[in-house]
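Everything below concerns the one structure shown next.
Please treat every number below as a calculation from the coordinates, not as lab data. A quick note: this is a predicted structure, and the numbers were derived from the prediction, not measured. Cβ coordinates were reconstructed from backbone atoms using ideal geometry, including for glycine residues, and neighbour counts include every protein chain displayed.
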Amino acid sequence: MVALSVFLFGNCPWGWRAANAVMGTALVPITYLLARRLFHSKLAASIAAALLLCDGMLLVASRLAMINIVYITLAAWAYLMLWCFVQNPAARTQPVQLAAMSILLGLFAATKAAISEVGVSLALLTVTLTLIVDGHTRVPVQPPKLIARRVIGACGLIVAVVLLVYLAVFVTYYWSVWRGIGDFVAYHRRVLNRNLNLPTSFPDASPFWSWPLMLHQYAYWKKDLLNGAAEVIMCGGNPLLWWAVLPAILIASIRGCTQKSMSWIFLAAGYMAYLAMWIPLRRYLFIYSYMPALYFGLLALAGALDKCWNGGARRWEHLVLLAPLLPCLILGLGVVWGGFTACSISIVYLLLMRRAEGYDGRFVCLIFMSAAVLLFAYFFPLWIGMPLSQSGYTARMWLHGQGLASWIEYDTVR
């Protein structure tokens, strides 16, 4: 895709980045459609698309000629086709939807190994559960052998198409470099061994458990200017959104268990799977590997905020969604003004809770989204390389000092 973009637009920054910009832009409507399927709500879909637009990591990934936004968009598109299958009662079109999903999963696998295997596993599990539930709820109920045949057939189709697409992507490399299936196997063996032998630490690396808290973002690129300012492109995101993902996943997990909701379970399981996959790895890792889990978290956050607006959220859900605002206010405004703002928000919420039933949840949704937009505007210069003075840069480095909880210092940029 990048090569085609360079061919069309020339060997220049525009040509390098146009392909990924298209993929990043496509992710927004895909997410809208996916969230609408998951929550049956236009508002939830709009919030999900807005949250994507307010996150810096996804913006940066859409502006650089790297693979991250490509596999995120392919995975999201595959999940959209998956939920078209789950919610489609017409058995005639289900094989077409499975085939389309499998093609996208195959492209996902060819773009990014290991991470894609989690996506394929999620799809297989969801398809299996869908067919089992569908078989037991039909009138008349399908016999177990027929249900088993449908499950085996659907999963077999998915695996076969994924493997075929994966091999097709590498067919040109096969004919030009590899000299048989042995070279193909040896290549993957070398990749695996190289990853197993990489060191545990590396500059700017961070352990997987620190990613949800965004303890260690770092600069992809930096440049000093003659007037003492600097241009920086940070590998980091909107702190409010990142810190609110954990409460959102907690809400998704509890709602999934209590309501037996497949949508909430899918989001919670997807987030945990994409995070847990890094546990056995001992080599150094970077924060951008959190993007697949972050995507599930943002979808769950959109669903939780939608429940707040429509009056379907409980008090404790309001509180855990407002909680990430406190560190943002303290780190951004200081202890005095941040504490004063937090107290003011709390007072308004308590008044609405006592005197205006239903408006407390809308207040939570409005305050959260407003703060997300404001923080996006505040950190926007760090994500597009806009010139910043030393004081402006330092003010945006909320976590600094010794240890893991440290964002890059201005001195290292200079």
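Quick rundown of the values:
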item: Formal net charge of residues neighbouring Ser201 (Cβ-Cβ distance under 11 Å; K, R +1; D, E -1); result: +1
item: Positive dipole terminus of the chain, leading residue within Ile279, Ala244, Ala35 (C-beta point charges); result: Ala35
item: Tail weight of P(r) past 21 Å, computed on alpha-carbon pairs of segment 67-166, percent; result: 31
item: Helical mean residue ellipticity (222 nm; -39500 (n - 2.57) per DSSP H run of 4+; nearest 500) of the chain; result: -23000 deg cm²/dmol
item: Trypsin sites (Lys or Arg not before Pro) restricted to DSSP loop in segment 23-96 with at most 11 other C-beta within 10 Å; result: Arg92
item: Nearest-0.05 FRET efficiency for Ala395 and Ile347, computed from C-beta distance (R0 35 Å); result: 0.80
item: Net charge of neighbours whose Cβ lies under 15 Å from the Cβ of His188, counting Lys and Arg as +1 and Asp and Glu as -1; result: +2
item: Gaussian network model of the chain, Cα within-10 Å springs - most flexible of Ala110, Ala75, Ala395; result: Ala395
item: Distance from segment 145-201 to segment 274-341 (C-alpha centre basis), Å; result: 35
item: GluC sites (Glu not before Pro), loop per DSSP, at most 14 other Cβ atoms within 10 Å - longest free stretch of the chain; result: 1-356
item: Relative exposure of Cys84, Cys257, judged by other C-beta atoms within 10 Å (fewest first); result: Cys257, Cys84
item: 14 Å beta-carbon shell around Val60, net charge (K/R +1, D/E -1); result: +1
